[in-house]
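Here's the structure we're looking at; comments come further down.
The values are calculated or read from the model by the stated rules, or taken from the named source; none is laboratory data. Keep in mind that this is a model prediction, so the values were computed, not measured. Cβ placement follows ideal geometry from the backbone for every residue including glycine, while neighbour counts extend to all protein chains displayed.
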Amino acid sequence: MILNDEPEWIFPLEWMEAGQSFFIPTLKASSMIYIIDRGAKRAGVKVKIFQTMKDDVMGVRVWRLR
């Protein structure tokens, strides 16, 4: 799935350690959550993803669990 008005993101899931997280600013949180979840499953990584705000910017936060 490609989001036309979003930049191309490279997710560091495979290089992250358990407990580390990253934030992605986006107004299309549900689409981004779906894309990240699919990428995590392909990489064999367990993550927790949720919509949140950071510095008044809407986006999603991704935590590596294992």
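Residue pairs whose Cβ atoms lie under 8 Å apart, sitting 6 or more positions apart in sequence or on different chains, and linking a residue in region 22-36 that is under 10 Å from GLN51 (Cβ atoms) and free of Cβ contacts under 8 Å to residues at least 60 places away in the same chain to a partner that is assigned to a loop (DSSP other than H, G, I, E, B) and of a type in the set (Val, Ile, Thr), are MET32/THR26. If you go through region 10-66 and pick out every residue that is among the charged types (D, E, K, R), touching a helix residue (DSSP H, G or I) at 6+ places or on another chain (Cβ under 8 Å) and at pLDDT 90 or above, you end up with 2. Residues in region 9-48 that are within 15 Å of ARG66 (Cα to Cα), over 10 Å from the mean Cα position of the chain (by Cα) and assigned to a helix (DSSP H, G or I): GLU14, TRP15, LYS41, ARG42, ALA43.
Scanning region 7-30 for residues that are surrounded by 15 or more Cβ atoms within 10 Å (Cβ to Cβ) and of a type in the set (Ser, Thr, Tyr) turns up just one, THR26. Taking the criterion of being touching a Ser or Thr at 6+ places or on another chain (Cβ under 7 Å) and not in a strand (DSSP E or B), no residue of region 49-66 qualifies.
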